[in-house]
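Comments concern the structure below.
The values are calculated or read from the model by the stated rules, or taken from the named source; none is laboratory data. No experiment lies behind these values; they were computed from the predicted model shown. Cβ placement follows ideal geometry from the backbone for every residue including glycine, while neighbour counts extend to all protein chains displayed. Calculation scope for accessible area: heavy atoms of the full protein, side chains included, ligands and nucleic acids excluded. Shrake-Rupley method; radii C 1.70, N 1.55, O 1.52, S 1.80 Å.
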Amino acid sequence: MAQFGIYVHWPFCESKCPYCDFNSHVGKAIDHEAWRRAYRVELCRYAIETSHRTVTSIFFGGGTPSLMEPRTLAEIINIIKELWPISKDLEVTLEANPSSTEVETFDSFRRAGVNRLSLGVQSLEDATLLFLGRRHSAAEAIEAAKTVAQIFERYSIDLIYAWPGQTIDRWRHELDRGLDLAKDHIAVYQLTIEPGTQFYKEKISTADEALSEELFRITQEILGAAGMPAYEISNHARPRQECSHNLVYWRGEDYVGLGPGAHGRLTKTGSSGLPETEAIQEIRAPDRWLKVVQAKGVGTQKRKKLPFEHRFDEIVLMGLRLSEGISTERFVRLTGRRLFDYLKPDRLDGLCKSGFLSRSCTNLRLTPHGLSRLDAVIRELLV
Ligand SMILES: C[S@@+](CC[C@H](N)C(=O)[O-])C[C@H]1O[C@@H](n2cnc3c(N)ncnc32)[C@H](O)[C@@H]1O
Ligand code: SF4
C-alpha cells in the first residue's frame, strides 16, 4: 500500500548545539496560540489537495518539538484525523530532548495521540555530551529513557559517533549501554560537520575515514548481534519496528511538510499520463513563516515539478540507504518507468560483479560490503 506522511516542524530549541545544521533556533517569547493557528491554516490548505490520501504517519520533528505545548500536538493530530482518512496503524512520532522532558509532559503527549517517541540521547558519556554542547548529563539521558519506556510502547534513542578522539573500546562500551536503554529501535549517526555550524567555524573535525569505517563495522556487528540490524544506513530496529514515517522518505513516497523550512513531495498524474512529483518547500525563517501564514494563509517558499532525472536520482539515493533497497514495482508506481531502463548497464554490472550491489527482478540493493561504501557506490552509479 502507498504510504503518505505528514511532517510538522517545530523550529525552536533551548540552545543551539554546535554540530547542529537543522532549522533550529533559540526562541524568545513564543506565542503558542499563534503557532497553533498557523499550523491549522496550513493543514486545511494541504487537505484541499490531498484529502483523498490515507495518512499512515505523522512526525513532529525539529528543533525540539517536545517543547511544544501538548495542546498544540493534540490539536494538530485531531485536525488531521478530521481532514484525512487515517490508516488503522497510524504512527505518530515526537522527537524529544532529554533536557526538556518531564514525566507529566510525556504523559500529556501520549494522551494527545503520540504513540512513538524518538529521544536524542546522543551520548552516554558526560565528557562527550559536554563536547557536543548538550544541556543534559548521561544520568539525565538514562532517566529520560526510562521514563519514556514506562509511557510509550514504541520508542527510539539517537546516538552520535565518529567524533574526534573516539576509540573503538569506548564506542563498544557506549553501544552496549545504549542497547540496555533501547527496546526495539536505535538510530546511530556518524557526526557530520556542515558549513555554518559552530563546529565548522572552530575547524573541529570528525574521526578520520579509517576509524569511522571501523566504528561503522563494529556498530553493524554489535547491533546486528543484538537483533537490531540496520534497515537504513543509520537506523536499526527489530523486525516490524522500523520508523514508518522515515520509510516514507527513503522509499520515495509522498508527504506533506508543515512549518518553517519543511519539505514535501506530492505526486499526481501529469498531462503525459505519467506520475509527476512536485517538490514543495516552506519559508525557512520561523518569524517570516508565521507572519506570511498569518497574512496570506500559505507558508510556501518554492513549489516546482521535479524533472524525471532529478526524481530518479532522489529515489536511487534514498532507496539505496535501505537494506531492502529499491523495489522495482514501487519505482514503476512512483514514476511510471522501469528502474533498470535508466541505469547504465556497464556500471551496474561492474558494481554487482565487485560485490557492492545486488540486483534481482524485484529490487536493487547494496550488499553489506556496498553499504559501508555508500557514497562511492552512488557516485559510480549516478555519474
Ligand atoms: C532533528 S535532530 C534533533 C532532535 C532533538 N532536538 C535533539 O537534539 O535531541 C535529530 C537527530 O539528528 C542527529 N544529528 C543532528 N545533527 C547531527 C550531526 N551534525 N551529525 C550527526 N548526527 C546529527 C542527532 O542524533 C539528533 O538526535
Ligand atoms: S541538535 Fe536538537 S537540540 Fe540541538 S540545536 Fe539541533 S535540533 Fe536543537
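Within region 66-112, restricting attention to residues that are in contact with a His (Cβ under 9 Å, 6 or more places away or on another chain) and surrounded by fewer than 15 Cβ atoms within 10 Å (Cβ to Cβ), which residue is nearest to E33 (Cα to Cα)?
Ranking the candidates gives R71 first.
Which ones in region 323-334 are among the β-branched types (V, I, T) and surrounded by 15 or more Cβ atoms within 10 Å (Cβ to Cβ)?
I326, T328
Do we find a residue being within 16 Å of ligand 1 (Cβ to nearest atom) and over 18 Å from G257 (Cβ atoms) anywhere in region 82-96?
Yes, region 82-96 contains at least one residue that is within 16 Å of ligand 1 (Cβ to nearest atom) and over 18 Å from G257 (Cβ atoms).
Of all residues in region 229-245 being part of a loop (DSSP other than H, G, I, E, B) and either at negative phi or touching a residue at least 40 places away in the same chain (Cβ under 8 Å) (or both), which is surrounded by the most Cβ atoms within 10 Å (Cβ to Cβ)?
C243
Would you confirm whether or not region 303-322 contains a residue that is among the acidic types (D, E) and either open to solvent by less than 70 Å² (accessible area, probe 1.4 Å) or touching a helix residue (DSSP H, G or I) at 6+ places or on another chain (Cβ under 6 Å) (or both)?
Yes, that holds for at least one residue.
Name the single residue that is farthest from E209 (Cα to Cα) among those in region 155-197 being within 12 Å of ligand 1 (Cβ to nearest atom) and acidic (D, E).
Among those that are within 12 Å of ligand 1 (Cβ to nearest atom) and acidic (D, E), it is D158.
Just checking, which of V256, V248 is within 24 Å of L334 (Cα to Cα), in contact with a helix residue (DSSP H, G or I) (Cβ under 6 Å, 6 or more places away or on another chain) and either of a type in the set (V, I, T) or not in a loop (DSSP other than H, G, I, E, B) (or both)?
Going through V256, V248 in turn, the sole match is V256.
Any residue at all in region 35-55 that is part of a strand (DSSP E or B), open to solvent by less than 40 Å² (accessible area, probe 1.4 Å) and under 25 Å from S118 (Cα atoms)?
Yes: region 35-55 contains one or more residues that are part of a strand (DSSP E or B), open to solvent by less than 40 Å² (accessible area, probe 1.4 Å) and under 25 Å from S118 (Cα atoms).
List every residue pair whose Cβ atoms sit under 6 Å apart, with the two residues 6 or more apart in sequence or on different chains, where the first one lies in region 126-139 and is free of Cβ contacts under 8 Å to residues at least 24 places away in the same chain and open to solvent by less than 10 Å² (accessible area, probe 1.4 Å) and the second, anywhere, is within 11 Å of ligand 1 (Cβ to nearest atom) and part of a loop (DSSP other than H, G, I, E, B).
What qualifies is L129/S123.
Give all pairs with beta carbons closer than 6 Å in which a residue from region 109-123 that is assigned to a helix (DSSP H, G or I) meets a residue that is hydrophobic (A, V, I, L, M, F, W, C) and away from ligand 1 (no atom under 16 Å from the Cβ); count only pairs at least 6 apart in sequence or on separate chains.
These pairs meet every condition: R110/I151; A112/A74.
Within region 317-350, how many residues are part of a helix (DSSP H, G or I) and within 20 Å of the chain's Cα centre (by Cα)?
Number satisfying all stated conditions: 3.
Residues that are touching a residue at least 24 places away in the same chain (Cβ under 8 Å), within 16 Å of ligand 2 (Cβ to nearest atom) and surrounded by fewer than 19 Cβ atoms within 10 Å (Cβ to Cβ): does region 172-189 have at least one?
Yes, the conditions are met somewhere in region 172-189.
Do you know which residues across region 351-378 are open to solvent by less than 80 Å² (accessible area, probe 1.4 Å), assigned to a helix (DSSP H, G or I) and modelled with pLDDT of 95 or more?
Once the filter is applied, which keeps residues that are open to solvent by less than 80 Å² (accessible area, probe 1.4 Å), assigned to a helix (DSSP H, G or I) and modelled with pLDDT of 95 or more, region 351-378 yields L351, C352.
Output the qualifying pairs, or none if there are none: Cβ atoms under 7 angstrom, residues six or more apart or on different chains, first residue in region 1-29 and part of a strand (DSSP E or B), second residue away from ligand 2 (no atom under 11 Å from the Cβ) and open to solvent by 20 Å² or more (accessible area, probe 1.4 Å).
Here the result reads F4/R53; F4/T54; F4/Y255; G5/Y255; I6/Y255; Y7/Y255; F12/I30, each pair linking region 1-29 to a residue that is away from ligand 2 (no atom under 11 Å from the Cβ) and open to solvent by 20 Å² or more (accessible area, probe 1.4 Å).
Restricting the first residue to region 325-351 and requiring it to be touching a residue at least 40 places away in the same chain (Cβ under 8 Å), which pairs with a second residue that is in a strand (DSSP E or B) and among the basic types (K, R) meet a Cβ separation below 6 Å and a spacing of at least six or different chains?
Every condition considered, the pairs that remain are G325/R365.
Mind checking which residues of region 288-302 are open to solvent by 50 Å² or more (accessible area, probe 1.4 Å), under 22 Å from the mean Cα position of the chain (by Cα) and either in contact (Cβ under 8 Å) with a residue 24 or more places away in the chain or closer than 30 Å to V332 by Cβ (or both)?
K302
Report whether or not I6 is surrounded by fewer than 21 Cβ atoms within 10 Å (Cβ to Cβ), β-branched (V, I, T) and either modelled with pLDDT under 95 or over 23 Å from Y189 (Cβ atoms) (or both).
No.
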